[in-house]
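> One structure follows; several queries about it will come next.
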Amino acid sequence: MEDTDLDRARPEHEAQIVDDLAWLGLTWDGPIHRQSDHIAAYNARLEPLAARGLLYPCSCTRSDIRAALSAPQEGVEFNVYPGTCRGRPMASRRAGDAIRLDLAAALDAIGTPLPAFTETGPAHAGHHRIDRAAALARIGDVVLGRKGENIVAYFLASAFDDADQGITHVIRGEDLFDFTPVQVILQRLFGLPTPVYHHHALIRDEAGRRLAKRDDARAIAKYRAEGATPADIRRMAGL
């Protein structure tokens with residue numbers, strides 16, 4: 001459960017997800033892993049990067065920082081940070097400060113060649129190597145966590161989870177493709193393996209809107225209440 005945004009996560013949402021997946025005939029191995037249960041561990045694993053001088057505290061706009069920590073959404077790109085707080089030592093971190101990755105320093109630490117990943121999805125199939133200039137221009141110094149609010153970045157928690165759970169193939173929506181280089185950079189910095197990625201087309205309703213709760217789309221439960229079967233849902237998803 002990717003529930004690092006504690007302001008939006010709700011037990012009833014999780015219960016509905018589990019119920020809908022079971023109704024569709026989907027199962028999983030072992031207990032459910034909740035990212036919210038591991039935030040302290042995620043933060044602790046940032047310490048080696050801090051020791052290498054790759055992190056710095058940031059006290060810029062709280063709303064911008066919180067938005068940067070959330071899972072990405074369709075049509076929203078990274079808001080490239082201008083580097084206002086870059087160069088601050090971690091010892092100067094205050095309550096409420098975020099932690100940012102000094103991307104230029106991180107890429108220098110990785111050296112050449114920069115890491116790459118394999119994509120098998122129809123829109124971006126191929127071998128993609130991180131480009132330094134593009135990463136600095138389009139990604140910048142991303143936020144990895146925030147002190148005192150028990151929240152970490154979606155792509156940081158997911159990178160750790162993939163490695164911890166032995167994930168070899170990641171299948172997810174194409175709206176997350178542009179965020180993959182961030183995870184690949186973090187994987188290299190932490191010595192983690194890079195999975196094979198497959199970004200599929202988004203599932204949309206009749207008006208072309210993606211089926212996502214943040215867009216107030218209809219939940220599977222509503223289709224179920226109207227008499228839809230699992231086979232109907234599979235057809236809607238192009239399966």
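Quick note: the coordinates plus some simple rules give every number you see, no bench work behind them. Computed from a prediction, not measured in an experiment: that's the story for all the values here. Here the Cβ positions follow ideal geometry from the backbone for every residue, glycine too, while neighbour counts run over all protein chains shown.
> Of I151, I167, I39, how do they rank once you tally other Cβ atoms within 10 Å and put the fewest first? Present the calculation step by step, with values, prior to reporting the outcome.
Details: I151 24, I167 14, I39 19.
In increasing order of surrounding Cβ atoms, one gets I167, I39, I151.
> Oh, and also: Using the Karplus curve 6.51 cos²θ - 1.76 cosθ + 1.60 with θ = phi - 60°, work out ³J(HN,Hα) for each residue of the range 13-21 in order, rounded to whole Hz, and write x for Gly and Pro.
Each residue's phi maps through the Karplus curve to give 5, 4, 4, 5, 4, 4, 5, 5, 5 Hz.
> Still on this structure: So, in Å, what gap is there between the alpha-carbon centers of the range 1-22 and the range 89-126?
Comparing the Cα centres of the range 1-22 and the range 89-126, I get a distance of 28 Å.
> Let me ask something additional. Compute the angle between helix 180-189 and the longest alpha-carbon principal axis of the chain, please, reported from 0 to 90 degrees and rounded to the nearest 10.
Tilt of helix 180-189: around 50 degrees.
> Can you work out ³J(HN,Hα) from phi for every residue in the range 80-88, in order, using Karplus 6.51 cos²θ - 1.76 cosθ + 1.60 and θ = phi - 60°, giving whole Hz and x for Gly and Pro?
Result, rounded to whole Hz: 5, 6, x, x, 3, 9, 4, x, 5.
> Here's something else I'd like to know. For the range 117-128, take each phi angle, set θ = phi - 60°, evaluate the Karplus expression 6.51 cos²θ - 1.76 cosθ + 1.60, and give the result in whole Hz per residue in order, putting x for glycine and proline.
Going residue by residue, I get 9, 9, 10, 10, x, x, 7, 9, 4, x, 9, 10 Hz, with x marking Gly and Pro.
> Going by amide H atoms built from the backbone, whose H comes under 5 Å of the H on L55, apart from near neighbours?
D102
> Hey, another quick one. In the range 150-239, which GluC sites (Glu not before Pro) fall in coil by DSSP and have 10 or fewer other Cβ atoms within 10 Å?
Within the range 150-239, the qualifying GluC sites (Glu not before Pro) (loop, at most 10 other Cβ atoms within 10 Å) are E206, E226.
> Rank I139, T61, Q187 by how far each Cα sits towards the positive end of the charge dipole of the chain (+1 on Lys, Arg Cβ; -1 on Asp, Glu Cβ) and give me just the farthest.
T61
> Could you list, by residue number, the cysteines of the chain that have no other cysteine's beta carbon within less than 4.7 Å of their beta carbon?
For the chain, the answer is C60, because their Cβ atoms have no other cysteine Cβ under 4.7 Å.
> Could you give the size of the charge dipole of the range 88-184 about its Cα centre, using +1 on the Cβ of each K and R and -1 on the Cβ of each D and E, expressed in debye and rounded to the nearest 20?
420
> Here is a follow-up. Tell me, what is the percent relative contact order of the chain, built from C-alpha pairs under 8 Å that lie six or more residues apart? Show your work: numbers first, answer last.
On the way: 307 pairs, mean separation 50.0, N = 239.
Across the chain, relative contact order equals 21 percent.
> Rounded to the nearest 20 debye, what is the charge dipole size of the chain about its Cα centre when +1 sits on each Lys and Arg Cβ and -1 on each Asp and Glu Cβ?
620
> Order of W23, W28 from fewest to most other C-beta atoms within 10 Å?
Working: W23 14, W28 10.
Lowest count first: W28, W23.
> For the range 11-202, rounded, prolate or oblate, judged on the Cα gyration tensor with a ≥ b ≥ c (square roots of eigenvalues), a/c < 1.5 rounded, else prolate if a/b > b/c?
Taking the square roots of the gyration eigenvalues as a ≥ b ≥ c, the range 11-202 is oblate.
> Now a separate question. Given labels modelled 7 Å from the Cα in the Cβ direction, how far is it in nm from R88 to R52?
2.3
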